[in-house]
Every structure is written in structure tokens, then in C-alpha cells.
Amino acid sequence: MNPNRIALVVAVFSGTAVLGPMVGVSPAWITVAVISALVMVSVDAAAWNGRGGHLLAEALPGGQERLRRIALHEAGHRLLANHEGLEPGDTLVGTLACLRAGHDACGRTTLPLPASSKLPLEELRRWSRVLLAGMAAEQVVHGASDGGSDDRQLLGRIWGLSGQSAQTAQVEQRRARREVEQWLEQHRPDLEQECESLLSQAPSLLRPGHGH
């Protein structure tokens with residue numbers, strides 16, 4: 001069981017234990033609720049790959065900032081895709097939006113498929129910039145990136161199919177990351193505007209109607 005999720009459940013219900021009696025909630029019911037929540041966290045970890053915990057985290061206080069960071073990541077992808085002439089499709093922000101669409105993710109931006117499985121160097125550079133843009137956006141605004149593991153894996157596969165050497169791939173990806181961070185820094189107002197636009201459409205358990 002993820003200790004971070006346990007800490008989250010305990011923190012929430014510790015607050016309830018203090019405030020509950022003040023509003024007439026029985027301590028016995030609070031205890032039952034804590035045990036039930038821990039069981040649900042365990043089931044979530046085993047059966048839902050942790051997505052239930054993500055849904056809860058996005059709905060609780062502080063969840064809006066989590067969604068904003070996901071929106072920022074996806075905004076980076078959208079801005080760079082448009083800049084590079086790769087018109088992006090739909091963007092999903094948050095676990096609930098992704099689950100509704102049948103995706104096991106916290107955020108997702110649909111991009112057109114590459115023209116070929118073996119891309120020329122200039123196309124590889126272009127896709128590197130687009131796929132690294134989400135992490136670069138987080139870096140520009142927050143000074144570090146949390147998401148992007150799927151982006152790195154996809155980019156690794158694209159370079160792996162290209163026939164280019166591993167050294168070339170590493171050099172080019174580092175170069176692309178620097179270029180994207182510089183470009184996003186120069187276009188930061190556009191990045192933040194796109195982020196807020198995406199965030200305004202993101203659903204959560206407390207506002208499930210959003211994102212439709």
C-alpha cells in the first residue's frame with residue numbers, strides 16, 4: 001500500500017476526528033470511516049492501478065493545484081504542437097477525464113501519428129520538441145517536472161526505430177529540451193493562458209460536470 005495515500009487518508013480523517021464531535025459526528029463512525037477508507041485504498045492499489053487514489057487527491061483540498069500542474073503539462077504539448085505544425089486533438093486533464101475516455105492516465109493530449117515509423121533527423125527533432133514540451137513547461141513554471149514518463153517512453157521508441165545511435169538520440173533530446181524551455185519562457189503568457197483554459201474544463205469528483 002502506498003504510504004503517501006495512507007498519510008492522505010489519515011490526515012483527512014484526523015481533521016474529521018477533531019472537528020467531527022463539534023458538529024455531532026460520533027467518534028465511532030469516524031473510526032469506521034477511517035478503516036473503510038484504508039481498505040478502499042488497498043483495493044485501489046491492487047485493482048485500479050492507483051487511479052482511485054488519484055481521483056481522491058484531485059477532489060480534496062489541494063486537488064486544484066494538482067490539476068493545474070497537469071493542465072500546465074498538457075498546455076506545453078499543445079503550444080509546441082501548434083508551433084511545429086502538428087495540430088493537436090483533444091486534451092484531457094485529470095484522472096476522471098481520462099477514465100471517462102478509457103485511458104489509464106492523469107492527462108493526455110492527442111497528437112497526429114508520425115508519417116513513418118522511421119523518421120528523418122529533422123522530424124525526430126520536431127517530435128522531440130513536442131514530446132518534451134510538457135516536462136519543459138513544468139520546469140519553466142515550477143523549476144522541476146513531475147510528469148512525463150509516458151512521453152519519455154514514446155520518444156525513446158521513436159528514436160529507437162529511427163536507426164540513429166543512442167548517443168545521437170541523447171544529444172538531440174538534450175538540445176530539444178533546452179530549445180523548448182527557452183521558447184516557452186519567451187511565450188510564458190500564452191502557456192499560462194492555455195493552462196487556465198484547460199484547467200477550467202477539467203472535471204473532478206466534486207465537479208463531475210466539467211469537461212463535457
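Some notes on this structure:
- Considering (1) over 23 Å from residue 182 (Cα atoms); (2) at pLDDT below 95; (3) among the aliphatic types (A, V, I, L, M), the lone condition that residue 144 does not fulfil carries the number (1).
For every residue, the table says whether it meets (1) at pLDDT 90 or above; (2) assigned to a helix (DSSP H, G or I).
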| site | (1), (2) |
| --- | --- |
| 21 | no, yes |
| 49 | no, no |
| 66 | yes, yes |
| 75 | yes, yes |
| 78 | yes, yes |
| 88 | yes, no |
| 92 | yes, no |
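- Residue 132 meets the conditions (1) buried (at least 17 other Cβ atoms within 10 Å of the Cβ); (2) in contact with a helix residue (DSSP H, G or I) (Cβ under 9 Å, 6 or more places away or on another chain); (3) closer than 30 Å to residue 60 by Cβ in every case but one. The failed one is (3).
- Of the helices (runs of 4 or more DSSP H) lying entirely inside region 118-212, those containing at least 3 residues that are among the basic types (Lys, Arg) and assigned by TED's automatic domain parsing to the domain that holds residue 85 are 121-142, 166-186.
The values are calculated or read from the model by the stated rules, or taken from the named source; none is laboratory data. Keep in mind it's a predicted model, so treat the numbers as computed, not measured. Heads up, the Cβs are rebuilt from the backbone with ideal geometry, glycines too, and the neighbour counts pull from every protein chain shown.
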